[in-house]
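One structure coming up, written as structure tokens, with questions to follow.
The values are calculated or read from the model by the stated rules, or taken from the named source; none is laboratory data. All values derive from a computational prediction rather than experimental measurement. Neighbour counts run over all protein chains shown; Cβ positions are idealised from the backbone, glycine included.
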Amino acid sequence: MTKPFWVRFVGNARVLIGLIWLALVVGGALAAPWIAPLDPFAMSGPPFVRPLDGFAFGTDSLGRSVWSGLVHGARTTLLIAVIATLGAVAFGGLVGAVSGFYGGRIDNVLMRVTEFFQTIPSFIFAILLVAVLSPSATSVVVAIATVSWPPIARIVRGEVMSLRSREFVQAAITLGEKDFVILFRQILPNALSPLIVTGSLLVATAILTESALSFLGLGAPNFMSWGFMIGAGRSFLRDAWWLVATPGIAILLTVLSINLVGEGLNDALNPRLRTP
């Protein structure tokens, strides 16, 4: 008898470690006003206080609490990454579904557009979009979603093309169901597994992109983020290593955890890898 999905998923030690870290990060972000009540932009002590010397993670060049920046920054970084990924999955999934279902000229046009976006270096394109739209949280979300949707479109297109010829889809077509109903009730629910796995991995890429944009000063103004903390502390790397190391390690562990969870989802959802 095949093990249930949750047993296969959580039974993986790497996935469990990733889930624990992500739960701590998400929980800390949600509880930020209580566990880090200090304003991350307000001066809360002398500058360059070392970790554990009155402040858990020290202070930066302006006397701002690194702990407050870390916790409140998690909110900004995660929220932007998740919203951008949802936008990319929604738009890319729609493009891929229409392209794979109708084929022909529609497929050719949509795939040529997708290839055009894939030929542009994604990070440079994101910088250009944010610069044109002016730095803001909305601009960052739009930029990340714009450079992230093409892979989703290609994956969904392939799944829809393979499912379009199945008996249950042909039966729905024979019964005269509308294309919209067939796509969203018959085909897409059966193509969710690779979409979920790819979407989870895109969150990790979105975190890195948002952090890089914030590092360059193109992030959301008036919002603390991990990339902003690294950018603000890079000038003092030799004398105050913790200003860069703390948010850098947070990004590293979070991205690694998301990748571990994504791989675990793939193992649990992939029927070829299921073991009794």
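Under 8 Å by Cβ, and 6 or more places apart or on different chains, what pairs join a residue from the range 109-131 that is outside any helix (DSSP H, G or I) with one that is among the hydrophobic types (A, V, I, L, M, F, W, C)?
Short answer, once both residue conditions are applied: I120/V147.
Can you find a residue that is closer than 30 Å to L79 by Cα and of a type in the set (S, T, Y) anywhere in the range 191-198?
Yes - at least one qualifying residue is present in the range 191-198.
Filter the range 227-261 down to the residues that are modelled with pLDDT under 90 and surrounded by fewer than 16 Cβ atoms within 10 Å (Cβ to Cβ) and list them by number.
Of everything in the range 227-261, those that are modelled with pLDDT under 90 and surrounded by fewer than 16 Cβ atoms within 10 Å (Cβ to Cβ) turn out to be R234, S235, L237, R238, D239, W241.
Could you grab me the full set of residues in the range 158-189 that are closer than 20 Å to I106 by Cβ, in a loop (DSSP other than H, G, I, E, B) and basic (K, R)?
K178
Check I20 against each of (1) at pLDDT 85 or above; (2) under 21 Å from G262 (Cα atoms); (3) assigned to a loop (DSSP other than H, G, I, E, B) and name the one condition it does not meet.
Looking at each condition in turn, I20 falls short on (3).
Only one of these is touching an Asp or Glu at 6+ places or on another chain (Cβ under 8 Å) and either assigned to a helix (DSSP H, G or I) or surrounded by 15 or more Cβ atoms within 10 Å (Cβ to Cβ) (or both): A81, A88. Name it.
None of the other options fit; the residue is A81.
Here are L94, L110, L86, L79: which of them is under 18 Å from the mean Cα position of the chain (by Cα) and under 27 Å from F180 (Cβ atoms)?
Answer to the check: L86.
Look through W226, W242 and report the one residue that is hydrophobic (A, V, I, L, M, F, W, C) and touching a strand residue (DSSP E or B) at 6+ places or on another chain (Cβ under 6 Å).
Residue meeting the stated conditions: W242.
If you take the residues of the range 57-74 that are in a helix (DSSP H, G or I) and crowded, with 22+ Cβ neighbours inside 10 Å, which of them is nearest to the chain's Cα centre (by Cα)?
A74
Determine the pairs where a residue that is free of Cβ contacts under 8 Å to residues at least 60 places away in the same chain, located within the range 64-75, has a partner that is outside any helix (DSSP H, G or I) and among the hydroxyl-bearing types (S, T, Y) with Cβ atoms under 7 Å apart, the partner being 6 or more residues away or on another chain.
Going by the 7 Å Cβ cut-off, the qualifying pairs are R64/S44; S65/S44; S65/T59.
Return the residues of the range 215-226 that are among the polar types (S, T, N, Q) and either modelled with pLDDT of 90 or more or within 17 Å of the chain's Cα centre (by Cα) (or both); say none if nothing qualifies.
Correct list: S225 only.
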